[in-house]
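Since the structure comes first, as structure tokens, the remarks are kept for the end.
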Amino acid sequence: MSGADRAPAPSRADRLAELLRERDLDALLVTNLVNLRYLTGFTGTNGLALVRADGERAFLTDFRYLDQAEAQVPGEFERIRGKESLLEDAAPRLTGRVGFDDEHMTVKAHERLGAHVGEDVTLVAAGGLVEELRAVKEPGEVVRIARAAKIVDEALRALAEAGLTGRTERAVAISLERDLRERGAEGPSFPIIVAGGAHGALPHAGLRDEPIPADALVIVDLGAIVEGSCSDCTRTFATGALDGEPAEVYALVLAAQERALEAVRPGAGVVEVDAVAREAIADGGHGERFGHGLGHGVGLEIHERPRLSPRGEGTLAAGNVVTVEPGVYVSGAFGVRIEDLVVVREEGPEVLSRFPKALVTVE
Ligand code: ZN
Ligand code: ZN
């Protein structure tokens, strides 16, 4: 079949329009900047997209971003120069049942919009529709996320060479961040965590200026951004010989992580996948010490859908990119977390994080 015979792949806006028809909406106003970037490629800080179920698409921005919109926003969108409030500029174009992003729009903005739309317009809370599309990655996005994951693997390898003992957590984090950039990342995808010894028992530990002790466990959690796409990975290192309990807990978390990875497949319930790790850790006697969800989706944002958690909803789908990151935190003593980034595939999970998971000793 020649290229000319092939129908073009549906754009993201086409897929959104399909979703609008399913939800009985005539249009969606997209105001959240991450969702706007996903749909249109626009990276500025003031813009709005209007996607109609019947095909019409408009993109509004102010005079500062006209050139940028011309370069970034595809021609399927009519590009419109807004005057003052983009919501007010969009209002006269709205008809029927119009979804708005109630997860992000302020009450004030909603009131202003309501005051400017015609009488035949019904505003419908419809947050999460673009997020639903974003949860299933296209091949190009997976490539960018995999590149971001590879940069982290390389940075972890360099860290293992450079050593940890005696350096401060802050110094290690700063050098990791610089390393990510030197290896081609736009930057870290969130503030890097380096937490040694008892400090590792705090899952979201801040950086300290104290030296990392010998013979301790150190949690290192970091991610990179490549062309807007994030990665996320945690490894727990040893800085020397360990007593019995930290080594046992490490083995328990690793076993739980690997069992949960095996459960990652299309159709698996997010609560059930979380439970695989949670039960393994509870069976090992540390159930009360795994206080966070098993994982989260990663893409344009470091935390997105789906959420693997006892309170999560729905099932995994092929093309989801999620973390699998159980942890055990022994207050006042140490913490262990092991986190991989994986693509959900029919043929089994594709693990993007390649740095070894067997306990690595770095002095
Ligand atoms: Zn992480
Ligand atoms: Zn994570």
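Worth pointing out:
- Residue count for segment 292-311, restricted to those that are assigned to a loop (DSSP other than H, G, I, E, B) and within 14 Å of ligand 2 (Cβ to nearest atom): 9.
- With respect to (1) over 30 Å from residue 33 (Cα atoms); (2) crowded, with 17+ Cβ neighbours inside 10 Å, the lone exception for residue 226 is condition (1).
- Of note, residue 258 satisfies the criterion of being under 16 Å from residue 351 (Cβ atoms), modelled with pLDDT of 95 or more and not hydrophobic (A, V, I, L, M, F, W, C).
- Within segment 129-161, the set of residues being touching a residue at least 12 places away in the same chain (Cβ under 8 Å), small (Gly, Ala, Ser) and farther than 17 Å from residue 219 by Cβ comprises 135, 146, 148, 149, 158.
- Listed by first and then second residue, the pairs linking a residue in segment 286-312 that is in contact (Cβ under 8 Å) with a residue 60 or more places away in the chain and over 17 Å from residue 146 (Cα atoms) to a residue that is within 13 Å of ligand 1 (Cβ to nearest atom) and assigned to a loop (DSSP other than H, G, I, E, B), with Cβ atoms under 6 Å apart and 6 or more places separating them unless they lie on different chains, are 292/203.
Residues checked against (1) surrounded by fewer than 23 Cβ atoms within 10 Å (Cβ to Cβ); (2) at positive phi; (3) more than 14 Å from ligand 2 (Cβ to nearest atom):
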residue	(1), (2), (3)
192	yes, no, no
212	no, no, yes
215	yes, yes, yes
231	no, no, no
235	no, no, no
252	yes, no, yes
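- Extreme residue, farthest from ligand 2 (Cβ to nearest atom), among residues of segment 313-332 that are farther than 16 Å from residue 345 by Cβ, out of contact with any Gly (no Cβ under 7 Å at 6 or more places or on another chain) and in a loop (DSSP other than H, G, I, E, B): 332
- Considering segment 277-291, the residues that are in a helix (DSSP H, G or I) and not acidic (Asp, Glu) include one that is nearest to ligand 2 (Cβ to nearest atom), namely 277.
- Look at segment 27-50: where a residue is in the same structural domain as residue 106 (by TED's automatic domain parsing) and a partner is of a type in the set (S, T, N, Q) and part of a strand (DSSP E or B), sitting 6+ places away or on another chain with Cβ atoms under 8 Å, you get 42/61; 44/61; 46/61; 47/61; 48/61.
- Test: residue in segment 344-358 that is modelled with pLDDT of 95 or more, in a loop (DSSP other than H, G, I, E, B), small (Gly, Ala, Ser) and within 16 Å of ligand 1 (Cβ to nearest atom): yes
- Some residue of segment 157-166 being more than 16 Å from ligand 2 (Cβ to nearest atom) and either among the β-branched types (Val, Ile, Thr) or over 22 Å from residue 356 (Cβ atoms) (or both): yes
- Consider segment 258-288 and keep the residues that are of a type outside the set (A, V, I, L, M) and buried (at least 19 other Cβ atoms within 10 Å of the Cβ). The one that is farthest from residue 328 (Cα to Cα) is 274.
- Qualifying residue in segment 311-333 (condition: within 25 Å of residue 38 (Cα to Cα), surrounded by fewer than 20 Cβ atoms within 10 Å (Cβ to Cβ) and either modelled with pLDDT under 95 or within 16 Å of ligand 1 (Cβ to nearest atom) (or both)): yes
The values are calculated or read from the model by the stated rules, or taken from the named source; none is laboratory data. Only a predicted model underlies this, so the values are computations on that prediction, with no experimental measurement involved. For neighbour counting, all protein chains shown are included, and Cβ atoms are generated from backbone atoms with ideal geometry for every residue, glycine included.
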